[in-house]
1. Is the range 260-400 best put as rounded, prolate or oblate by its Cα gyration tensor, with a ≥ b ≥ c the root eigenvalues, rounded for a/c under 1.5, and otherwise prolate when a/b is larger than b/c, oblate when not?
2. Please report, as a whole percent, how much of the solvent-accessible surface of the chain comes from carbon and sulfur atoms (probe radius 1.4 Å).
3. Averaged per residue, what accessible surface does the range 1-159 expose to a 1.4 Å probe, in Å²?
4. Could you let me know the centre-to-centre spacing of the range 6-69 and the range 133-189, using Cα atoms, in angstrom?
5. Using a Gaussian network model of the chain with C-alpha springs under 10 Å, which one of A196, A280, A39 is most mobile by mean-square fluctuation?
6. Projected onto the charge dipole of the range 214-346 (+1 at Lys/Arg Cβ, -1 at Asp/Glu Cβ, origin at the Cα centre), which of T283, A222, P238 gives the Cα projection farthest towards the positive end?
7. Once you charge only the Cβ atoms, +1 for Lys and Arg and -1 for Asp and Glu, what is the size of the charge dipole of the chain about its Cα centre, to the nearest 20 debye?
8. Give, rounded to the nearest 20 debye, the magnitude of the charge dipole that the range 298-355 has about its Cα centre when Lys and Arg contribute +1 at Cβ and Asp and Glu contribute -1 at Cβ.
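The values are calculated or read from the model by the stated rules, or taken from the named source; none is laboratory data. Owing to the predicted nature of the structure, the values given are computational and were not obtained by experimental measurement. Glycine gets a Cβ as well: all are built from the backbone with ideal geometry, and neighbour counts include every protein chain shown. These area figures cover heavy atoms from the full protein model, side chains too; ligands, DNA and RNA do not enter into them. Shrake-Rupley method; radii C 1.70, N 1.55, O 1.52, S 1.80 Å.
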Amino acid sequence: MELMNIHEYQAKDLFSQYGISVLRGAAAHEAGELEKAVAQMPDGRVVVKAQIHAGGRGKGTFTDGYKGGVKLCESHAEALEVAKRMLGNTLVTKQTGPAGKMVRTVYFNEPCAIAKEYYLAVTLDRGCGRPVVIASTEGGMEIEKVAAETPEKIVKVNIDPAFGVAPYEKRILAYALGLSEKAMFAQFSRLIDGLAKLYWEKDCSLVEINPLIVSQDGRLIALDAKIGFDDNALFRHPEITALRDLSEEDPKEIDASSFGLNYIVLDGNIACLVNGAGLAMATMDIIKHYGGSPANFLDVGGGATTEAVTNAFRIILSDKHVKGILVNIFGGIMSCKTIADGIVGAANNVHISVPLVVRLEGNAVAEGKKTLAESGLPIVSADGMADAAQKIVALVGKCA
């Protein structure tokens with residue numbers, strides 16, 4: 001399942017549509033919009049947030065040395081100056097990697113006095129095939145860190161798709177968070193209903209609030225918002241597709257999607273071209289096992305055409321970090337002959353200047369191997385996954 005993410009300000013707009021309380025905010029996408037956006041905030045303090053598809057913004061650093069992608073400012077004038085420093089600047093966080101992400105939108109928020117912070121999310125529990133509500137009293141922290149260090153502070157409740165979140169399940173969550181007092185529980189119940197409804201109706205993969213806060217005046221508010229969508233369901237949601245920010249995605253991944261290829265850039269140097277997500281994962285694992293580092297996840301699917309395979313090679317070779325390619329195909333629906341034609345087509349259209357190891361098995365394997373053998377290409381044939389992985393790792397090592 002591929003994911004499409006949106007920005008915080010867009011997620012908060014969706015929250016509002018589903019009755020989830022958020023603070024007043026206004027986004028600006030260019031310098032000329034900043035004054036109009038900040039004017040929508042109450043007088044006095046203003047929070048300025050850089051909008052990128054990555055967590056850890058508050059602790060991030062801009063490439064020019066400016067610290068923090070989330071700032072509490074004492075006045076509108078200060079907020080404008082801070083926003084000008086952020087807009088067009090590149091923010092580096094733990095999740096962006098050293099290259100960082102350029103800030104093309106800033107989001108002004110009214111401030112709020114916080115009494116308590118929580119973590120709350122709805123996502124898919126793959127173990128039982130149902131959505132799960134995840135809650136913790138440790139709001140503001142990375143949930144992975146909480147799970148590793150203090151797992152007892154996390155409570156999970158699976159949702160029955162036929163009935164939604166039952167009243168007793170809401171009470172389990174509320175008591176675990178210390179939100180069982182009558183007025184607070186009423187707010188919490190509405191919040192859970194809104195999150196679950198949003199998750200279902202918009203085909204989300206993740207709906208996360210971190211932190212969810214109780215304000216000093218007793219309001220339950222989503223201080224931050226993160227939503228990811230299953231892109232296999234986007235055809236049902238043109239209003240969600242319209243929120244996609246292509247500038248936040250790798251151009252190679254966008255290019256691949258136009259040919260029906262599932263492609264994700266990684267930080268290694270051995271490119272993988274595989275049919276089937278499970279086989280692709282296994283291929284990356286075995287490359288790592290033999291001391292290599294995969295450069296991508298690439299699933300050409302079960303019905304890929306010669307054109308798609310040719311373009312897969314073109315996209316792989318556009319990555320300057322790629323030092324070798326491993327093709328691992330098990331022909332079921334996919335014909336090994338199609339893959340072989342794609343390899344030959346790619347070689348005729350795109351210069352393959354790195355070692356290429358090919359392992360073919362299954363449907364039309366004899367025809368596929370014959371096509372490759374007669375092509376005259378410098379292809380190293382492999383028998384089995386282990387043999388293929390060892391050969392490509394060794395060849396890339398010699399080129400280093």
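1. Details: a/c = 1.29, a/b = 1.25, b/c = 1.03.
Note, shape of the range 260-400 comes out rounded.
2. Values: 9680 of 18670 Å².
The nonpolar share, carbon plus sulfur, comes to 52 percent.
3. Working: 7710 Å² over 159 residues.
I get 49 Å² per residue for this part.
4. Centre-to-centre (Cα) distance: 26 Å.
5. With Cα springs under 10 Å in the chain, the top fluctuation among A196, A280, A39 is at A39.
6. T283
7. It works out to roughly 460 debye.
8. For this selection, approximately 160 debye.
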